[in-house]
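Worksheet: one structure, shown below.
No value in this document is a laboratory result; all are computed from the given coordinates. In this text, all values refer to a predicted model and were calculated from it rather than measured experimentally. We place every Cβ from the backbone using ideal geometry, glycine too, and count neighbours over all the protein chains shown.
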Amino acid sequence: MRVVGGIWKGRVIDAPPGRETRPTTDRTRESIASSVLSFFDLSLEGVRMLDAFAGSGAFGIEMLSRGAAYCTFIDADRRSIQVVKKNLAGLKVPPTQYRIVCADTYKSADTLAIQGTYFDLVFLDPPYATSAEKVGRLVTSLHDAECARMGTIVVYERSASAPQLDLPFLELVRTKKLGETSIDYYRIGDDGEH
């Protein structure tokens, strides 16, 4: 895999071994990055993001390469975490620009909230077998913990045959189908509770 754009464009990054991870293709990453940039008026300056099922860390690295201020990488798999660390070290990303957490993403919201962490951008690329209900519970927990607040962009990469998220505080802004993959872009709005 390679970084598609930004200051590390063309640099090779590793993927975790085995079949448990499903790296997002370069073409899909480019499409997502272009859409994300449009949501932020073509500048990621100051943007804090969560790469919630990090795998290789490719998406978070892509956004850092394009100017994002900070990325929190979370993955439950220790091998994936080691690959993320190796990729960031290889690119010489300053440690002030990222945090790596080896934990169950679904149980991470409370810990992130205690640390006062919030995100302008949340990227969700769970295993395709993961139900939309389970992903929805994760987004709800991030929202309830105020880690994802009004205006936060949530990007959900899913199987094209899987359902979209249906949450009262999420506004579906755009959907794009790329082969067997669908990318949904949501914005967190006001549900009257926050």
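Calculate the length of the line joining the C-alpha centroid of region 116-156 to that of region 78-111, in whole Å. The distance from the Cα centre of region 116-156 to that of region 78-111 comes to 17 Å. Going from the fewest other Cβ atoms within 10 Å to the most, the residues MET1, MET63, MET150 appear in the order MET150, MET1, MET63. Residues whose amide H falls under 5 Å from that of LEU50, counting only those 5 or more places apart or on a different chain, are THR72, LEU121, VAL122, PHE123, with hydrogens built in the peptide plane.
Taking trypsin sites (Lys or Arg not before Pro) as exposed when DSSP calls them loop and at most 16 other C-beta atoms lie within 10 angstrom, the chain has its longest site-free stretch at 93-194. In this structure, the amide hydrogen of ALA103, modeled 1.01 Å from its nitrogen in the peptide plane, lies closer than 5 angstrom to those of ASP75, ALA76, counting only residues at least 5 positions away or on a different chain. Coupling constants for region 145-161 follow from the phi torsions by the Karplus curve (6.51 cos²θ - 1.76 cosθ + 1.60, θ = phi - 60°), and in residue order they are 7, 6, 7, 10, 10, 3, x, 4, 8, 10, 10, 10, 9, 9, 5, 4, 8 Hz; glycine and proline get x. Binning all Cα-Cα separations of region 66-194 at 10 Å, short to long from zero, yields these whole-percent fractions: 12, 40, 38, 11, 0. Loop-located GluC sites (Glu not before Pro) across region 119-194 with a Cβ neighbour count of 11 or fewer within 10 Å are GLU180, GLU193, with loop assigned by DSSP. When only Cα pairs below 8 angstrom with a gap of at least 6 residues are kept, the chain shows a relative contact order of 17 percent. Put in order of Cβ neighbour count within 10 Å, fewest first, the listed residues CYS71, CYS147 become CYS147, CYS71. Among the GluC sites (Glu not before Pro) in region 1-72, those placed in a DSSP loop whose Cβ has at most 16 other Cβ atoms within 10 Å are GLU20, GLU45. For THR152, the residues whose modelled amide H falls within less than 5 Å of its own, excluding neighbours fewer than 5 places apart on the same chain, are ILE188. Here each label is just a point 7 Å from Cα along the line to Cβ, and for VAL12 and LYS85 those points are 2.2 nm apart. Going from the fewest other Cβ atoms within 10 Å to the most, the residues THR117, THR130 appear in the order THR130, THR117.
Treating r as the C-beta distance of ARG27 and LEU172 and R0 as 30 Å, the FRET efficiency rounds to 0.85.
Spin-label model, SER35/ALA69: points 7 Å from Cα along the beta carbon direction are separated by 2.5 nm. Pairs exceeding 27 Å between alpha-carbon atoms, taken from LYS9/LYS86; LYS85/LYS177; LYS9/LYS176; LYS92/LYS134; LYS92/LYS177; LYS9/LYS85: LYS85/LYS177; LYS92/LYS134; LYS92/LYS177.
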